[in-house]
Amino acid sequence: MANTSSTHDVKVLGAWPSPFVIRARIALNIKSVEYEFLAETPGSKSQLLLQSNPVHKKIPVLIHRGKPIAESLIIVQYIDEVWSSGPSILPSDPYDRAIARFWAAYVDDKFFPSMSLIKSEQGEKKAALVKQVTEGLVLLEEAFQKSSKGKAFFGGDRIGYLDVAFGSMLGWLRATEKMGEVKLLDEAKTPGLVQWAESFCADGAVKGLIPETEKLVEFAKLLAARMKGRGSS
Amino acid sequence: MTSLVELLTYLSVSLSSLSMAELKLLGSWPSPFSYRVIWALKLKGIPYEYIEEDLSNKSPLLLQHSPVYKKIPVLLHAGKPICESMIILEYIEEFWPQIPLLPFDPFQRAIARFWVKFADDKIPAMWIVYRSSGKEQEKAMKDTVEMLRVIEEHALGSKKFFGGEEIGMVDIAFGQIAEWLGVIEEIVGVKLLEDHTFPRLHAWILNFKEVPVIRDNLPDHHEMFVFFKRRRELLLSSSQDQ
């Protein structure tokens, strides 16, 4: 029973720079589900957001037939389960699913937090973070080789759960490389991932969603300036 | 020459030990994360072999099968390792769907997963209360009470358990609040979960611990107190002044 919902049935509350929001949008694109994108104004939270996610007050929130679902990876799983006639996002084998979930959680718990800090750190602290992130990328390269089994994506022939979880980070990864003047995704150390990144960004479900590096750099600068203006809080 | 009866007995014992040997759990008796997996396996009636890990001297088996975090629990199913307690539980749920721990409806499942993630994101605060002091501990206590407040207000309805009348994955995820939090409170000398401030949580803890599988699978309270108290003394004496 795919895709017969009206656009108003499915809404995504989000903002263009957020990799977590991108995950939800890619998942909906994989299933060819049309949706209304409600952009949150930076620096403020709409009534709808506060009502839909009262616990965390964070984006993304998926609203399906009036019911809100929060947490990006939970949203992706929900989309996979509801629009079950579309292409699968999670692997079909329970063990492969466990591996995909493990690495997606790794991206959220270890990779992304360390990577986010690089642009605002200097000297030894920055070097330590860069080391952590590059070591993490080597682990993800290994995971990619095992998971892809020679195909283009973690999910095989088509993008899947881990592609979405990790690929959504690529915009900020490139922006971090620029702002931090570091090379993170290295052809020599992680050749599979370099190739994968290109394929991922060119995929039909992803096109147009990963923001341009320059735009993210500009956004990061704006955010930093706004934080400074507010002082420490 | 062995009798037929002896032969059949030998075969049935070998076969059942083969299927039992198929599932191994690497755990640690004081760890609440270990217990999450034990509870799930026992609720579903799945036989397994339990291997106690000495975390001060990690076995080659653990290091081989949990290379990224080197942590328990690890579930080994026919030799293939699954790490991270709640990921293990999703795996168990998918492989052995009897006695479901997650709702059938996708929206209800999303709600359940939301609270499982909340548990994993916020529970570390109570362990920071346990192992820190001074300002860091004060903040952790505030965070723990805030976590309890959110659970009380948003997660627990009027039903017996988080998902309804039957125990499920969210109850298991929050399980450490029912037993380990009390041990931490005793050792540190604070009361964070006041029964009158958190009546729903208080009722849930009683319901949770009355479930036979839970009741019969909890570490001995006194042994835990001794273990964690000793460990805390070591941690605090070796840490630098804040």
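The values are calculated or read from the model by the stated rules, or taken from the named source; none is laboratory data. Model, not experiment: these values are computed from the prediction. Quick reminder, even Gly has a Cβ in these numbers, built from the backbone with ideal geometry, and neighbours come from all protein chains shown. SASA here: full protein model, heavy atoms, side chains in, ligands and nucleic acids out. Shrake-Rupley method; radii C 1.70, N 1.55, O 1.52, S 1.80 Å.
Reported count of residues in the range A:147-173, each being open to solvent by 20 Å² or more (accessible area, probe 1.4 Å) and touching a residue at least 40 places away in the same chain (Cβ under 8 Å), is 5.
When we screen B:ILE38, B:ILE72, B:ILE51 for residues that are open to solvent by 10 Å² or more (accessible area, probe 1.4 Å), part of a loop (DSSP other than H, G, I, E, B), closer than 29 Å to B:VAL211 by Cβ and of a type in the set (A, V, I, L, M, F, W, C), the only hit is B:ILE72. Taking the criterion of being more than 9 Å from every other protein chain (Cβ to nearest Cβ) and either of a type in the set (S, T, N, Q) or over 21 Å from B:ASN57 (Cα atoms) (or both), the residues of the range B:72-85 that qualify are B:ALA78, B:GLY79, B:SER85. Report whether or not A:LEU139 is under 15 Å from the mean Cα position of the chain (by Cα), at the interface with chain B (Cβ under 10 Å from one of its Cβ atoms) and modelled with pLDDT of 95 or more. So A:LEU139 does not fit the description; no. Taking the range B:215-242 as the range and being at pLDDT below 95, among the hydrophobic types (A, V, I, L, M, F, W, C) and in contact with a helix residue (DSSP H, G or I) (Cβ under 9 Å, 6 or more places away or on another chain) as the test, the residues that pass are B:LEU235, B:LEU236. The strands (runs of 3 or more DSSP E) found wholly in the range A:33-77 and carrying at least 3 residues that are modelled with pLDDT of 95 or more and within 13 Å of another protein chain (Cβ to nearest Cβ) occupy A:61-64, A:67-70.
Is the range A:169-187 home to any residue that is of a type outside the set (Ser, Thr, Tyr), within 19 Å of A:ILE89 (Cβ to Cβ) and within 15 Å of the chain's Cα centre (by Cα)?
yes
Meeting the requirement of 3 or more residues that are without any contact (Cβ under 8 Å) to a residue 24 or more places away in the chain and more than 28 Å from A:SER52 (Cβ to Cβ), the helices (runs of 4 or more DSSP H) wholly within the range B:112-205 are B:134-150. In the range A:85-102, of all residues being at the interface with chain B (Cβ under 9 Å from one of its Cβ atoms) and either closer than 19 Å to A:VAL138 by Cβ or part of a loop (DSSP other than H, G, I, E, B) (or both), the one that is nearest to the chain's Cα centre (by Cα) corresponds to A:PHE102.
The rows are residues; the columns are (1) more than 22 Å from A:PRO91 (Cβ to Cβ); (2) surrounded by 15 or more Cβ atoms within 10 Å (Cβ to Cβ); (3) more than 13 Å from chain A (Cβ to nearest Cβ); (4) hydroxyl-bearing (Ser, Thr, Tyr).
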residue	(1), (2), (3), (4)
B:LEU89	no, yes, no, no
B:ILE92	no, yes, no, no
B:TRP96	no, yes, no, no
B:PHE107	yes, yes, no, no
B:TRP127	yes, yes, yes, no
B:ARG131	yes, yes, yes, no
B:VAL145	yes, yes, yes, no
B:GLU152	yes, yes, no, no
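Scanning the range B:36-65 for residues that are of a type in the set (A, V, I, L, M, F, W, C) and closer than 13 Å to B:ILE88 by Cβ returns B:VAL37, B:ILE38, B:TRP39, B:ALA40, B:LEU41, B:ILE46.
When each of A:VAL55, A:VAL12 is tested for being over 23 Å from B:ALA155 (Cβ atoms) and among the β-branched types (Val, Ile, Thr), the lone residue that passes is A:VAL12. Within the range A:39-52, the only residue that satisfies the criterion of being within 18 Å of the chain's Cα centre (by Cα) and of a type outside the set (D, E, K, R) is A:ALA39. Can we say A:PHE102 is at pLDDT 95 or above, surrounded by 17 or more Cβ atoms within 10 Å (Cβ to Cβ) and touching a Cys at 6+ places or on another chain (Cβ under 7 Å)? When the stated conditions are applied, A:PHE102 passes them.
Would a scan of the range A:114-131 turn up a residue that is within 13 Å of chain B (Cβ to nearest Cβ) and open to solvent by 50 Å² or more (accessible area, probe 1.4 Å)? So far as the range A:114-131 goes, no, none of its residues is within 13 Å of chain B (Cβ to nearest Cβ) and open to solvent by 50 Å² or more (accessible area, probe 1.4 Å).
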